[in-house]
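The values are calculated or read from the model by the stated rules, or taken from the named source; none is laboratory data. Bear in mind that the values here come from a model prediction, so they are computed numbers and not experimental data. Cβ: placed from backbone, ideal geometry, glycine included. Neighbour counts: every protein chain shown. For the accessible areas, the whole protein counts, side chains as well, though only heavy atoms, and no ligand, DNA or RNA atoms are used. Shrake-Rupley method; radii C 1.70, N 1.55, O 1.52, S 1.80 Å.
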Amino acid sequence: MNLNQEDVLAILALLDGSDFDELRIETADYKLHLRRSSASPLPDTPPALIAGSPAPPDSAPAPAQTVDDRELFDIKAPMLGTFYASPQPGAPPFVNVGAVVDEDTVVGIIEVMKLMNAVCAGTGGVVVEVVAQDGQLVEYGQVLVRLGRSTS
Amino acid sequence: MLVANRGEIAMRVIRAARELGIQTVLAASEADLDTLPARYADRTVCIGPAPAGDSYLRVQTIIAAAVGSGADAIHPGYGFLSESALLAAACEAASIAFIGPTAEQVRVVGDKLRARAIAEAAGVPTTPGGAVESLEQARRLAAEVGYPVLLKAVGGGGGRGMKRVGQPAELAEMLTLAASEARAAFSDPRVYLERFVACGRHIEVQVLGDGESVVHLGERDCSIQRRYQKVVEEACAVALPFAARKALRAAAVRFAESLRYRGAGTVEFLYDAARGDFSFLEMNARIQVEHPVTEAVTGVDLVRAQIAVAEGLPLGFDQASVSFDGHAIECRINAEDPARDFLPNTGTIATAVFPSGPGIRVDTYVESGTRISPFYDSLVAKIIAHAPTRQQCLVRMRHALKGCFIDGVVTNLALHAAIFEDPEFEAGAVTTGYLQRFVSARHGLVPREDVPSLR
């Protein structure tokens, strides 16, 4: 069985509505580790947060991360349109501050005349700031999300 | 109002909007973010990278920019999407006012064969010719109208996609070429055929309609052109007999009336000076580059009028209240090098000084430091002179050209200066073949050092 993005988002919504702060699922095919950002990290838990993107199979738990603020990378809007931070109204955002992303991680959607265009991070890193506001017009080249390089 | 254009026409449209108390949003490509119109508009949104196909020509992006910025009207200027039925229709669907004709009107006049049929139905003479359906039928038609003939793209316009066929042996090859060019440029391989008129004058009539009534604002003589690109335009066409001008104006109004035309438009004709008759070429359903000469002689602000009728207001004046005052001439100053076959020239304008004074108007987006980008057309500025008579207007323009100084890119200023010294032009009876002859006769006429300067 494989998890797709929608499954992960559904699980995230369940977690959000529950009393739990953390969820780990391990099967032969994948490991999924979700944690609410308000929870304080457990000493034995890697602080990596995977949201909006299925964990790659066989991925080892991410090592502890610290963000190097000196090396920031801007994810810019590839087109003009309306920016959406989450897959649908009310759903949790694709990424929050602290999220670890790789180049294929979807960080938002830009709608141009009912056409939803997924915006991928394009590079790996840790989300430092989500600059664009949900539901607002973004221009071509406008900064959407700011990433920091993680250093372990 | 979203202004979906750039350069001098963006400035022109923003000015008109400001005077009407309308806030403007400029849709600009990345290359145009640091230009005069971008600073002049209330807000500028970046719609994409420099190539027009990725920015100015994207219908969906333009609509998204209008919706997202809260604009409830779009002015398309000229060129780009100004005659896009898709944009006009998308505006209608999104309840945004398209400042131009209805989508259906844009579609009809954009199909040159349909426009021909409408002209015929309205009793407007057309050049002998018609649709091309097969090589055999084209051969018969060409023989009937007589060589040379001109092959034109049904979806084309503005002089693009035309092929001249001198004799029957060339027809097959030219037909293939014209069809593939038409497909590439206009996504429509259909072509039609007309008799080629070698020595015509290009006369066009400005019309203005509100969907109910149509008035004309006189005609312009645009015979000074090269490869179908106009260089000098005049209003009115005083070299024509007045009876001919009256007939042209009436024909243009009949054509626009039969469409119940809304907005500003131009009906173009080819006038055969030798035979004294004229024929319909096409209608341009947009504001044109040369609109200021008509504004000068009629006192009508065409962009304001466009905005008013797009809002659903009536014209507010009738034909009887249109009067003509004096003569006006426009020179298009382009960043191109007449000595190098009019090769467009790009770079940064180090210094730009434009003429001023009584009867002089300059429409431009250029200032010292402006970069002339390779992505768009080479129009730098339009100098418009207005005076009581054509003779006085020529004198005024001569001096205006001497007062214009552009350094950093090569322009056609010196060519304009030479044209205005030419007795043949001064006599006012030139045809569309004039400029090419004039340039060839003075080959190498404009080395860069000879560009007129203030020094």
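A:VAL106 contributes an accessible area of around 20 Å² to the protein surface, as traced by a 1.4 Å probe with all chains present. What is the Cα centroid distance between region B:246-307 and region B:1-19, reported in whole angstrom? Here the answer is 22 Å between Cα centres. Measuring heavy-atom accessible area with a 1.4 angstrom probe and counting protein chains only, the residues of region B:11-54 that give up at least 50 Å² relative to the chain alone are B:CYS46. Short version: which residues of region B:55-91 lose at least 10 Å² of accessible area, all chains versus chain alone, 1.4 Å probe? Buried by 10 Å² or more upon assembly, which counts only protein chains, are B:GLN60, B:THR61, B:ILE63, B:ALA64, B:ALA65, B:GLY68. Neighbours of B:THR432 by Cβ distance under 13 Å: Lys/Arg scored +1, Asp/Glu scored -1, total +1.
Per-residue extension of 0.36 nm, minus the Cα-Cα distance of B:ALA250 and B:GLU173, leaves a gain of 23.8 nm for this segment. The calculated pair-distance distribution of region B:128-195 uses every alpha carbon pair, bins of 5 angstrom beginning at 0, and gives 4, 21, 33, 26, 13, 3 percent.
Annotation: Cα Rg of chain B relative to the compact-globule expectation 2.2 N^0.38 Å equals 0.95. Figure note: B:SER440, B:SER223 ranked by solvent-accessible area, largest first, 1.4 Å probe, ligands and nucleic acids not counted: B:SER440, B:SER223.
The gain in end-to-end length when the B:GLN391 to B:ALA50 segment is fully stretched comes to 118.5 nm, 0.36 nm per residue minus the alpha carbon separation. Here the simple spin-label model places points 7 Å from the Cα toward Cβ, and for B:ARG437 and B:VAL353 these points are separated by 3.7 nm.
When A:CYS120, B:CYS331 are compared by accessible area at a 1.4 angstrom probe, the order from most to least is A:CYS120, B:CYS331.
Annotation: per residue accessible area for chain B equals 39 Å², rounded to a whole number [probe 1.4 Å, protein chains only]. Per residue, chain B reaches -9500 deg cm²/dmol at 222 nm when only DSSP H runs of four or more residues are counted, each adding -39500 (n - 2.57). Amide H contacts of A:VAL128: A:GLY98, A:ARG146, A:LEU147, A:GLY148, each under 5 Å away and 5 or more positions distant or on a separate chain (H built 1.01 Å from N in the peptide plane; Pro and chain starts excluded). Probe radius 1.4 Å, ligands and nucleic acids ignored: give me the carbon and sulfur share of the accessible area of the protein assembly as shown as a rounded percent. Carbon-and-sulfur percentage of accessible area, whole number: 52. In terms of its Cα atoms, the protein assembly as shown spans 96, 62, 51 Å along the principal axes, sorted from long to short. Identify all lysines with a Cα-Cα distance to B:LYS163 below 28 Å; exclude those on the same chain that are fewer than 8 residues away in sequence. Excluding near neighbours in sequence, the set is B:LYS112, B:LYS152, B:LYS230. The contact residues of region A:115-147, meaning those that lose at least 20 Å² of 1.4 Å-probe accessible area when all protein chains sit together rather than their chain alone, are A:LEU137, A:GLU139, A:TYR140. Considering only Cα atoms, the convex hull volume of region B:2-99 works out to 79 Å³ per residue.
For the segment B:177-186, counting C-beta atoms of other chains within 10 Å of every residue's C-beta and taking the mean gives 0. Here's the picture: charge each Lys and Arg Cβ at +1 and each Asp and Glu Cβ at -1 in region B:159-217, and of B:VAL165, B:ALA182, B:VAL205 the one pushed furthest to the positive end of that dipole is B:VAL165.
Each label point was placed 7 Å from the Cα along the Cα-to-Cβ direction; for A:ALA13 and B:ASP325 their separation is 6.7 nm. Accessible area buried by the pairing of A and B, both sides summed with a 1.4 Å probe, works out to roughly 1000 Å².
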